[in-house]
Amino acid sequence: MNLRVLKDAVPIGLLDTLKGIDVPWYYRPGVVHYNNDPTEGPGPGVFVHRVLEKGEHLSSELLSILHRIAVAAIHASGEEAEEILVIRMVLTTKTNPPLINDAHIDRPEEGTRTGILYLEDSDGPTILYRNKADLREISSKYRGDFHSYMQDYVNHTELEVFRAVEPTFNTLVLFNSNTIHSASYPSKFKTRK
């Protein structure tokens with residue numbers, strides 16, 4: 001898993017450049033199932049602003065600033081990155097009772113890392129689970145259809161929580177991209193981003 005949690009990860013002046021920017025949020029429905037049970041139907045969605053996806057720049061005025069923030073976060077971690085594959089902003093809104101997104105991984109390949117930088121104090125932790133499956137067998141067993149594998153694995157496996165990281169302003173969470181994890185919706189704060 002190689003989990004690292006870094007506080008004060010990015011210079012505040014760089015984060016201040018985001019203040020006052022009207023982010024165009026796009027609603028993505030039903031990313032969570034109530035009680036983590038797909039038979040109960042989709043729960044609330046999230047708001048997303050995608051900037052960089054699989055190395056391709058998307059049309060966003062925020063690309064320049066978010067790329068600088070991502071580079072600063074990588075630099076603060078002391079890690080090296082050959083390429084940044086994805087940059088996106090995610091905004092979840094308050095739910096009652098608290099909900100946890102469906103567990104997933106970001107990428108199945110070894111050697112890729114996921115970084116989450118919290119832009120505000122909130123509740124609704126990022127939950128990281130211990131991987132019990134041999135992720136190297138996935139591509140042969142599921143012929144590269146990793147999302148089908150994850151859905152099957154999560155629905156039939158009791159996940160063991162490794163750590164829950166509460167969202168705290170300017171905290172960077174780094175972990176291997178093939179780590180099973182999920183985000184939570186805030187229940188005390190209005191938003192989580």
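With θ taken as phi - 60° and the Karplus curve 6.51 cos²θ - 1.76 cosθ + 1.60 applied, the whole-hertz 3J(HN,Hα) list for the stretch 179-187 is 7, 6, 8, 8, 9, 10, 7, x, 10 Hz, x standing for glycine and proline. For the stretch 76-134 versus the stretch 164-185, the spacing of their alpha-carbon centroids is 4 Å. Each residue was assigned an accessible area with a 1.4 Å probe, and for ASP121 the value is about 90 Å².
If the segment from ASP16 to LYS54 were pulled out straight at 0.36 nm per residue, it would be longer than the present Cα-Cα gap by 11.0 nm.
Using θ = phi - 60° in the Karplus curve 6.51 cos²θ - 1.76 cosθ + 1.60, the 3J(HN,Hα) couplings for the stretch 13-28 round to x, 5, 5, 4, 5, 7, 5, x, 7, 7, 6, x, 8, 10, 7, 10 Hz; x is entered for Gly and Pro.
Proximity of backbone amide H atoms, modeled 1.01 Å from N, is registered between PHE162 and LEU128, TYR129, ARG130 at under 5 Å, excluding neighbours fewer than 5 places apart on the same chain.
The values are calculated or read from the model by the stated rules, or taken from the named source; none is laboratory data. Small disclaimer: the values here were computed from a predicted structure and weren't measured. These area figures cover heavy atoms from the full protein model, side chains too; ligands, DNA and RNA do not enter into them. Shrake-Rupley method; radii C 1.70, N 1.55, O 1.52, S 1.80 Å.
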